[in-house]
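Accompanying notes for the structure given below.
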Amino acid sequence: MPSTAPGLPAVPGAPGGSGRRGGNLRRNATWAFVGAILASVAWSGAVALVPKLVDGGSSAQSLHGYHAIDEICETGKLSAFRQKYKMVDNYPLEHTGRSDSMDIMRCYALMKRTVSGSDSPDYATLEIRVSLHKAVDSAPEYAATRHYFEQQKYEISDVPNLGQEAYYAYGDEPTSSDKTYHDINYYLEVRDGGMTYSLYWTDNYQIGKDYTLDRDTVRKAMLDDTRDILKAIGGK
């Protein structure tokens, strides 16, 4: 029976220890659940490592027309990723919270695609988080997150013509249990006034059996879908 994470549906077709990725595919549903909190973990790590960056005490910046909406991924469509993957049943999961100091929109998706020559699909996860900072300056938090990625030795590259500032962060590292299996993690981080945006995408592979999408394809899908989502919440 396929493994499941708490609150998540079973991943169809995931084998119990054989096939293209063996035990790694069996882990996909659990990693899907883990992926849903990694963006928050990255921020927590940034706060712990560089507290001075988030203690600016400065006032909030303009939201530049951005506003909270319900079902951010359905409204933003995720057209680029949907051309590569199909959503697993019951996804995406979406939540929006509104308050006087901050609005937060989150979307989490578990996706799969058919791989030529394999009877097992490739699973990937995507999470989007948008925060509208109404009470504090968003710049120190954004800088702290980037500093965290730098300390974790992620590859970082700036993205021009997107918000006030934007960058990709990329990491590829072996899992702790089996060094032949690798997790690949992409982040696209954007700041525009009081709006901060994060798109997190992850997949995994086994050395010698890498069926994941190439980096340029993933980066382009992230950028295209990000532009659509930012327009959906009032960006230009």
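The values are calculated or read from the model by the stated rules, or taken from the named source; none is laboratory data. Quick caveat: nothing in here was measured; it's all calculated off a predicted structure. All Cβ positions, glycine included, derive from the backbone under ideal geometry; neighbour counts span all protein chains shown. When the accessible area is computed, the model is the full protein with side chains, heavy atoms only, and any ligands, DNA or RNA have been set aside. Shrake-Rupley method; radii C 1.70, N 1.55, O 1.52, S 1.80 Å.
Using only C-alpha positions, report the orientation-averaged shadow area of the convex hull of the range 134-236, nm², one decimal.
The directionally averaged projection comes out at 7.5 nm².
Please go through the residue pairs Lys86/Lys134; Lys112/Lys236; Lys77/Lys112 and name each one whose alpha carbons sit more than 27 Å apart in this structure. Don't jump to the answer; show the numbers that get you there.
Numbers: Lys86/Lys134 36 Å; Lys112/Lys236 31 Å; Lys77/Lys112 17 Å.
Too far apart for the 27 Å limit: Lys86/Lys134; Lys112/Lys236.
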Task: Rounded to whole Hz, the Karplus (6.51, -1.76, 1.60) HN-Hα couplings of the range 203-208, x for glycine and proline - done: 8, 8, 8, 10, 4, x
Open item on the list: Give me the base-10 log of I(q)/I(0) for the range 128-189 at each q in 0.14, 0.16 Å⁻¹, Debye formula, one uniform scatterer per Cα, rounded to two decimals.
Closed with: -0.51, -0.63
TODO: In Å³ and rounded to a whole number, note down the convex hull volume per residue for the Cα atoms of the range 79-179.
DONE: 178 Å³
TODO: Tally up the carbon and sulfur contribution to the accessible surface of the range 70-206 as a whole percent, 1.4 Å probe, everything protein left in place.
DONE: 43 percent
Open item on the list: Taking the alpha-carbon distance from Lys84 and a cut-off under 18 Å, which aspartates and glutamates remain once sequence neighbours fewer than 8 residues away in the same chain are dropped?
Closed with: Glu74, Asp119, Asp122, Glu127, Asp203, Asp210, Asp214, Asp216, Asp224, Asp225, Asp228
TODO: Can you tell me the order of 218-225, 76-83 when each peptide is scored by its average per-residue count of other Cβ atoms within 10 angstrom, highest first?
DONE: 218-225, 76-83
Open item on the list: Please give the Cα centre distance for the range 142-165 versus the range 71-135, rounded to the nearest Å.
Closed with: 21 Å
TODO: Would you pull out the residues with amide H under 5 Å of Asp192's amide H, same chain only if 5 or more places away, H placed 1.01 Å from N?
DONE: Gln164
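Cβ under 11 Å from Asp172's Cβ, Asp172 left aside: what net charge do those residues give with Lys, Arg +1 and Asp, Glu -1?
-3
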